[in-house]
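The values are calculated or read from the model by the stated rules, or taken from the named source; none is laboratory data. A quick note: this is a predicted structure, and the numbers were derived from the prediction, not measured. Here the Cβ is made from the backbone with ideal geometry for all residues, glycine too, and neighbour counts use every protein chain on show.
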Amino acid sequence: MDIERFTELADRLMERVPEPVLEGLNGGVAIRRNAMRDKADPKDVYIMGEYVTDPVMGCYVVIYYGSFRALLEGEPDSVWEEELWETIRHELRHHLEDRAGESDLDREDEEQLYELRKRGPRKQT
């Protein structure tokens, strides 16, 4: 899937999101071409998206097309759509929790990263 189709898919998926969920997300959703990784993570672990709060720019979600491409190249569009929808929902949950002063998902993410880092890279078969 090329970035243009990916962006169109993200736009269509965002139409599913109820307006109240988007309240305060003044920067919307941005698609970036690059893949995103944390050097501490195994080589097969990518950051698919992130929720950003910035005192100047406000609140927004970034989706990393390159991360999707690195993990899903060759997969059918339905797999891309499922993963993108899951990522959008995940980042919007961060937004909702941030607005509510909660951080449950942050803790879940940290636990998941801890387990992935402990596991190390998957062996190629």
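Selection of the range 9-65 for residues being over 22 Å from E83 (Cβ atoms) and in contact with a Ser or Thr (Cβ under 6 Å, 6 or more places away or on another chain) yields only C59. Taken over the range 61-101, the criterion of being under 25 Å from K43 (Cβ atoms) and among the basic types (K, R) is satisfied by R69 alone. Applying the condition of being over 17 Å from the mean Cα position of the chain (by Cα) and either of a type in the set (S, T, Y) or at pLDDT 90 or above (or both) to the range 102-119 and asking which residue is nearest to A40 (Cα to Cα) yields Y114. Taken over the range 1-11, the residue count meeting the criterion of being among the acidic types (D, E) and surrounded by 15 or more Cβ atoms within 10 Å (Cβ to Cβ) is 0. Where helices (runs of 4 or more DSSP H) fall wholly inside the range 12-125, the ranges with 3 or more residues that are surrounded by 15 or more Cβ atoms within 10 Å (Cβ to Cβ), touching a residue at least 24 places away in the same chain (Cβ under 8 Å) and touching a strand residue (DSSP E or B) at 6+ places or on another chain (Cβ under 6 Å) are 77-100.
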